[in-house]
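Encoded as structure tokens, the structure appears first; notes follow it.
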Amino acid sequence: MNAVSSRRAEWTTRLAVAGRVVLAAGGGYGLAALSTALLSLVLPLSRAEAVTSATLLSFALMVGAAVYVFAARSLGRAAISMAVLAGILGGTLWLVMKMIQTGSPA
Amino acid sequence: MKNGFRQSMAWLHTWSGLVVGWVLFAVFVTGTASYYRSDISLWMRPELRQEAAFSPEDLARAAEFGVAHLQKHAGNARTWFITLPSADNPVLDLFWRTKPGTPPSQAALDPRTGEVSGLRETKGGDFLYRFHFELHMPPIWGRWIVGICAMIMLVALVSGIVIHRRIFADFFTFRRDKSAQRGWLDAHNVTGVLGLPFHLMITYTGVVTLALMYMPWGVTTAYKGDNQAFFAESGQITAPRPPAGRPGTLAPIGPMVREAIATVPEPLERLSILNPKDAAATVVAVFEEPHGLSHEHPQVAFDGVTGAVVEVRQGGLKPAAKTFTTMVGLHEAHFAGPALRVLFFLCGLMGCAMVATGLVLWSVSRMPKAGEPAFFGLRLVQALNVGTVVGLPAAVAVYLLANRLLPVGIADRSGWEIRAFFGAWIIMALAALLRPHRRAWTEGAIAVAALFVAAATADALTIGEARFLGFDTALLVLAALFAYAARKVSTYAPPQRERRSRQDSPALAAASRQPAQAFRTQKVLNEA
Amino acid sequence: MTPIVLLLTIGLSYVGLAALCLGMNRHHSAIFEARPDPRRALLLRSAGWIAIGLSFASAVHFEGWAFGPVQWIGGLTAAALLVVGILSYRPGLILPTAALVLPVALAAAISI
């Protein structure tokens, strides 16, 4: 391997690591935030209890997501799974909020 | 990171631990000290002496004094806080906030006369307590930084558990007679594993104490962002009463104090007076927590203008809210009596040691071979390690020392104590940069030991009262620990070979041929 | 009462952890110059778990389900720290101290 390509490989590795850091922090927080927002609305508890449970749970979820991002086989795979999960959570949240809006014309 | 789960976790553990290690060490040290926050505050205000218990009548009169002082000096403040005196802390502490974002003003009154007390001006243990989660920064910044570090610490804990393959086999193992690296790794493992329940608990509950700031999105969707409404509905505070916008006159506070004390059996701790000059003024009497793990203060709210009770909050939390307050309670450990408090303190020290040994381990395992120069990153980490691990304790010692040595009457005395704290820290950190690494450790630890001895001596010479004997002894014990560490570092010689007394044990020899897996993978990754 | 219950918790945990660590090859041979035979190891380990179980049961019995577990974890941590400290600085003292702590813990249990 010549010097140029090994340096390039080194930079690719560094970028991949940086990508994981960004994905773990931003994606982890995003997932936790979406799940908190959604669970606060849909958990079959009183409003205050639902918000409290969802918020308490969110930090464990974020840690789990961050660990997953670093454990995943590749950055791309981690990004896709996180995006799919975020999409499901975000879509459901959007639907639920739409239903609440049309259900109660307050 | 395509090397498998354990390797990627080893990488994650190493680097997540390193980037937040120095902040975490500061958070752990000041947090551990905060278990004795009120003892520190008492030590730092030696003019206060224990008094006979305060009757409800005394408390009502003290509250009247407080309100009179605030009417005169804090007329345009939005909120007044009055901490009522107790036998152990016989002073009337007043705080007021004029605008959000500006630091609160404060005053201390003699609860029997209402005169400004002759106490030395100090932030006492409250400075260390607030530093623990705000780092003496604007609250928003400090709390976010500490919160992010705490989340990364959770990640480091989880990945640390994953990579420690021999977590049970090495449970009791602390090999002092092998290589330096081995010893630091064992010390890191022992403090991490034995204290693991505490570390997990304290980190998670720490994030939870400020949960709504870090994760407000449930309140955003379910309460349209109204935090106060959420807290009131979950039963943690009395319902908020927005200001009416019309001027009003505060009713006498004495009768409200008497009525509050008659309503709740716990001792009355403080009063919050919101919008004191408004027609919708509110007085909230906050009581000490009843015996239990949960952090929930009984509260009685009054209409400030009529003096009538509006609401009584006492117990009755639902399961999730109770879980939340129990987590906060576990973090603060207000429930812990003297014996249990010692154990919490010990666990806190193990947390400090875990972070410190982890930081040192990073630099020890990257030590260049003889003759090779240390690379810049290593020099930086080494200097930051010394600057934090001995710099912060030195700063704490100087903070205490300044309390005894600064003249009592000078202006902004509490500010100077804090400047002494940071000044000492900066000097220690700079000294660490200038001295050779090993010497920096030895000299730093000796300096810390000397400073703790100086603080205890200064107390003996200027105050010299028997009731501070326990506190001064604790300072001397800390000094002895640092002196011992200094001796260890200065006399340390890397072992050339294993000691003969151990070599006749076959199991040990086998164990020594088998370095911990986690460590090996870490090495592999470093070299990759 | 709490300090005495804590003494009992720490005492039982100390005995239990000492037995558990003696039941491990490495530590047994560091003290007795030989590995434990399988029966001895099994005995030590079961005794260890029983003592730790007793320390938990007693903490919960005397302090209830709220404070009991919290104090138990605190006591267990302190005891583990003691075992590791003694094991690495004065390994010979593990057995005598455990033998000494057991009656103290029992006396504490009786005095509650």
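General remarks:
- Total residues in segment C:7-28 satisfying the condition of being within 11 Å of chain B (Cβ to nearest Cβ) and of a type in the set (A, V, I, L, M, F, W, C): the figure is 8.
- For A:Leu34, the conditions (1) buried (at least 17 other Cβ atoms within 10 Å of the Cβ); (2) within 7 Å of chain B (Cβ to nearest Cβ) are fulfilled apart from (2).
- Of all the numbered requirements in (1) within 28 Å of the chain's Cα centre (by Cα); (2) not in a loop (DSSP other than H, G, I, E, B), B:Glu64 misses one, and that requirement is (1).
- Hits in segment B:197-221 (condition: out of contact with any Cys (no Cβ under 9 Å at 6 or more places or on another chain) and either basic (Lys, Arg) or more than 9 Å from every other protein chain (Cβ to nearest Cβ) (or both)): B:Leu200, B:Thr203, B:Thr205, B:Gly206, B:Thr209, B:Leu210, B:Met213
- Selection of segment A:72-89 for residues being among the aliphatic types (A, V, I, L, M), closer than 11 Å to A:Leu23 by Cβ and away from chain B (no Cβ under 14 Å) yields A:Ile80, A:Met82, A:Ala83.
- Selection count, segment C:1-50, where residues are within 16 Å of the chain's Cα centre (by Cα) and among the basic types (Lys, Arg): 1
- Restricting attention to segment A:39-71, the residues being within 8 Å of another protein chain (Cβ to nearest Cβ) and either acidic (Asp, Glu) or assigned to a helix (DSSP H, G or I) (or both) number 22.
- Those residues of segment B:91-107 which are in a loop (DSSP other than H, G, I, E, B) and surrounded by 17 or more Cβ atoms within 10 Å (Cβ to Cβ), in sequence order: B:Val91
- Given (1) more than 8 Å from every other protein chain (Cβ to nearest Cβ); (2) within 24 Å of B:Ser159 (Cα to Cα), number of the condition A:Ala9 does not satisfy: (2)
- With respect to (1) more than 10 Å from every other protein chain (Cβ to nearest Cβ); (2) surrounded by 19 or more Cβ atoms within 10 Å (Cβ to Cβ), the lone exception for B:Phe324 is condition (1).
- You will find that of B:Arg313, B:Arg366, the residue that is over 16 Å from the mean Cα position of the chain (by Cα), of a type in the set (Lys, Arg) and within 14 Å of another protein chain (Cβ to nearest Cβ) is B:Arg313 and no other.
- Residues satisfying the stated conditions in segment C:24-58, i.e. in contact (Cβ under 8 Å) with a residue 24 or more places away in the chain and within 19 Å of C:Ser88 (Cα to Cα): C:His27, C:Ala30, C:Ile31
- For segment B:1-37, the candidate set comprises residues that are within 12 Å of chain A (Cβ to nearest Cβ) and not in a helix (DSSP H, G or I); within that set, the residue that is modelled with the lowest pLDDT is B:Met1.
- Test: residue in segment C:63-85 that is over 30 Å from B:His295 (Cα atoms), assigned to a helix (DSSP H, G or I), free of Cβ contacts under 8 Å to residues at least 24 places away in the same chain and within 14 Å of chain B (Cβ to nearest Cβ): yes
- Any hit, segment C:101-112, residues being surrounded by fewer than 18 Cβ atoms within 10 Å (Cβ to Cβ), aliphatic (A, V, I, L, M) and not in a helix (DSSP H, G or I): yes
- Residues of segment B:344-353 that turn out to be within 18 Å of B:Ala26 (Cβ to Cβ) and either outside the structural domain of B:Gly31 (by TED's automatic domain parsing) or among the hydrophobic types (A, V, I, L, M, F, W, C) (or both), as a count: 6
- Single condition B:Asp110 does not satisfy, out of (1) crowded, with 16+ Cβ neighbours inside 10 Å; (2) assigned by TED's automatic domain parsing to the domain that holds B:Leu210; (3) over 15 Å from the mean Cα position of the chain (by Cα): (2)
- Among the residues of this structure, B:Leu349 does not count as one that is of a type in the set (A, V, I, L, M, F, W, C), buried (at least 21 other Cβ atoms within 10 Å of the Cβ) and under 30 Å from the mean Cα position of the chain (by Cα).
- Among the residues of segment B:219-239, those that are without any contact (Cβ under 8 Å) to a residue 60 or more places away in the chain and of a type in the set (S, T, N, Q) comprise B:Thr220, B:Thr221, B:Asn227, B:Gln228.
- Test: residue in segment B:261-271 that is part of a helix (DSSP H, G or I) and crowded, with 17+ Cβ neighbours inside 10 Å: yes
- For segment B:172-203, the set of residues classified as more than 17 Å from B:Met350 (Cβ to Cβ) and not basic (Lys, Arg) consists of B:Asp177, B:Ser179, B:Ala180, B:Gln181, listed by residue number.
The values are calculated or read from the model by the stated rules, or taken from the named source; none is laboratory data. For clarity, every value in this text was computed on a predicted model and none was experimentally measured. A quick note on method: Cβ atoms are made from the backbone with ideal geometry, for glycine too, and the neighbour counts reach across all protein chains shown.
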